[in-house]
Every structure is written in C-alpha cells, then in structure tokens.
Amino acid sequence: MSFAAVRVHGEIAAGFAQNDKISTLTVQFRMDAVNDILQRYWPSVASRLMIRETIDFGLEDTMQSLPSPRQLTCFITIVREGSIGGAAKALSLTQPAVSRTLADLEALLRVKLLDRSRTGINLTPAGETFLRYASSSTTALEQGLEKLAQIRSNDPRAVHFGILPTAEPDLAPRAVAEFKNLHPEVPVTVTPGTNSLLSRLLRNGELDFVIGRQPATDEMTSLQFEPIFTEEQIAVVCPGHPLIESYKGGALAEIDAFPFIFPPTGTAVRRSAERMLIAAGASRMSNFVETSSDQFAMAFANLTSAVWIAPRGSVLTHLEQGTLVALPIDGSATRGMIGITRQSDVPLSPLATELCRIIRKIAPDT
C-alpha cells in the first residue's frame with residue numbers, strides 16, 4: 001500500500017482548515033483514503049479540488065526529486081572505472097554527457113559525491129554512503145526486470161541453488177532427481193562452492209537457497225538458516241594405506257608423515273579439522289593442500305597417500321564402495337548443523353519451496 005506525505009501551505013490551510021491558527025498542515029495517509037480525508041475536513045467541493053491539486057503537485061515534485069536510473073548507472077560506472085573518461089567509454093557516451101549527468105545528480109542531491117583531480121576521482125564521505133544504496137537499488141531493479149521478463153515470456157522459473165561439499169554427492173542429486181520427476185520442464189541449476197562464495201551469490205539474488213553448513217556470523221547479513229541435520233568430519237585414506245594397520249586406537253604419531261587435504265583456510269570446518277587431528281596426535285600439519293573440490297581431493301589422495309579430512313556426507317559413497325577407508329579418529333567434536341540458507345526478506349518461489357520440502361524429506365535423521 002503506497003503512502004504520501006502532503007504539506008498544505010499557509011494560504012490554503014488558513015482558508016480551509018477548521019483551525020485557522022494552523023499555518024502549515026502535514027497529513028500522512030494511504031492513497032485510497034484521500035477523498036475521505038478531504039471530505040471530513042474540507043466539505044466544500046471547490047475547497048477539495050484546490051487541496052487535491054496541491055496534493056498532486058506535491059507528489060509530482062517528490063517524484064522529480066528522485067535520481068533517475070541513468071544518473072545512478074552513470075555514478076556507479078564512474079566509480080567502477082575510476083574516471084569520467086573510463087565511464088564514458090563503458091557507457092558509449094561522450095565525456096561531457098557523463099560529466100553533465102553527474103553534475104545533475106549532485107545538484108539533485110545537493111551534495112558533492114566525487115572529488116575530481118588529475119589522478120582520477122575519489123568518493124567523498126557522502127559519495128561512499130550513497131554508493132552502497134545506489135548499487136543495491138540498481139541490482140534490485142535489474143532483478144525485478146529479469147523476473148518480469150520471465151513472466152512475460154511464460155518461461156518456467158528455473159530453480160538455482162548452491163551446495164557445499166556436504167550435500168554434493170548424495171543429498172542434492174537425490175533431491176533434484178525427485179524434483180525433476182515431478183517437474184521435468186523446470187530447469188535446475190546447481191552451483192558448488194565455498195560458504196563465502198555461495199553466501200555472496202545468495203545475497204545478490206543469483207541463488208534461491210544454499211544447502212550446507214551455516215555461514216559464519218559476519219556472512220549472515222540478510223540471510224536466515226534452517227537446520228535440518230547434523231554431520232561430522234572424518235579422516236579418510238585410500239585402501240591399503242599404512243595408517244590403517246598402524247593405528248590401533250591410541251595416539252596416531254605417524255600421521256604427520258603424510259600430507260593432509262584440508263578444507264579452505266578461514267572456514268569453520270577447517271578449524272574443527274585441525275582440532276580433530278591435534279587430538280589424534282598430529283603436531284606439525286605443515287604438509288598440506290587445501291581445496292573445496294572433492295574430485296581433486298580424491299585424485300590427490302590416490303596419488304600421494306594423503307589423509308583427507310572431509311564431511312562424512314561428501315565421501316559416503318566412496319566409503320560404501322570401498323574406494324576410501326575411514327581412520328578410527330574421533331570426529332564428534334567436529335559435528336555441525338547442515339541446513340538450508342536463504343534470503344530472510346525474499347520469499348522463495350513455489351518451485352524452490354517444493355525442492356526445499358523434498359530436501360527436508362530425504363535428509364538423514366540425525
């Protein structure tokens with residue numbers, strides 16, 4: 001429901017307001033209540049027409065005070081390219097046209113956004129603040145236009161979701177298979193990646209949701225997490241690995257003799273993996289590679305006899321087939337929640353909602 005703030009100036013308010021001491025009257029109301037308000041306080045038809053004309057003029061003036069998409073795009077491009085000339089080239093405009101558009105924007109906002117010098121341009125404090133909101137608004141507008149284009153073309157809305165290694169080998173394929181049986185005409189795009197990457201894509205509207213561990217606190221802005229099941233990390237090696245026979249339930253002193261395959265630095269699973277190995281007797285852990293690719297990790301483990309620290313779900317198929325063997329290392333301290341992360345203020349489409357329902361149904365009961 002749209003709202004309008006209307007200011008009725010002194011010469012009108014003095015003539016038509018019941019209280020003649022009012023010099024300026026500000027009324028905030030729903031647009032569908034305009035006539036009710038006018039009839040209550042200004043019974044004369046002529047009075048109402050004059051007030052309504054003032055309202056219409058005020059709304060038109062408010063709309064004219066908003067930056068245009070052209071001005072926003074021009075400003076953002078100047079910042080991205082670092083110069084007026086670079087922005088002109090990127091936008092296929094002349095430099096005077098770009099400079100004039102920027103000047104019009106600054107005049108409209110009544111504040112200086114950029115400092116220009118021979119070395120380039122720099123954002124003013126006001127410009128830094130405005131850039132954040134300008135970027136968000138243009139991104140939202142582009143997403144809205146894309147949604148409308150899909151509606152106009154009657155194209156079935158594809159479901160786009162991200163997966164962390166936990167969900168990649170078993171949970172996600174089974175869920176998508178069941179979904180496609182119900183909706184064979186609906187495209188499904190699955191994007192693997194780290195929590196940091198997928199959270200950014202999710203906030204930008206490029207993904208509907210993400211399956212995996214909860215993102216770090218500083219990455220949860222505008223996101224919400226729904227826990228579904230718990231999972232721990234385990235240490236796995238290839239069949240015939242020397243550690244399988246040497247480890248008999250005590251400290252695993254020989255583990256430092258082999259390279260490790262770790263999740264990427266800075267992730268929660270990386271920190272818990274290191275703690276698990278320290279508890280098992282590892283001390284140096286200086287010989288390692290880090291990756292979020294299960295295919296690379298599997299190939300590297302076969303080539304080098306490395307010890308791979310991985311979520312149980314990501315290697316479950318290999319364990320069942322006998323192509324990997326789990327070392328008897330206690331991983332209970334690495335247990336974490338696996339679930340669905342989505343935007344907190346954007347509702348899921350009906351198709352994305354149905355796919356999430358299927359994921360919840362087939363998820364492990366842990």
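With a Förster radius of 51 Å applied to the C-beta separation of Ser136 and Glu254, the computed FRET efficiency comes to 0.45.
Projected area of region 217-366, taken from the Cα convex hull and averaged over every viewing direction, in nm²?
10.1 nm²
If r is the Cβ-Cβ distance from Ser196 to Ala97 and R0 is 51 Å, what FRET efficiency results, to the nearest 0.05? Given R0 = 51 Å and the Cβ-Cβ separation, E is 0.85.
Extension gain for Leu108-Arg270 works out to 53.3 nm (0.36 nm per residue, less the C-alpha to C-alpha distance). Scaling against 2.2 N^0.38 Å puts the C-alpha radius of gyration of region 69-152 at 1.16.
Calculate, for Asn302 and Gln143, the FRET efficiency according to 1/(1 + (r/R0)^6) with r their C-beta to C-beta distance and R0 41 Å; round to the nearest 0.05.
My answer for the efficiency is 0.40.
Once you reduce region 338-352 and region 99-135 to the center of their Cα atoms, the two points are 36 Å from each other.
Coordinate-derived values only; no laboratory data. Just so it is clear, the structure is predicted and the values come from calculations on it, not from any experiment. Heads up, the Cβs are rebuilt from the backbone with ideal geometry, glycines too, and the neighbour counts pull from every protein chain shown.
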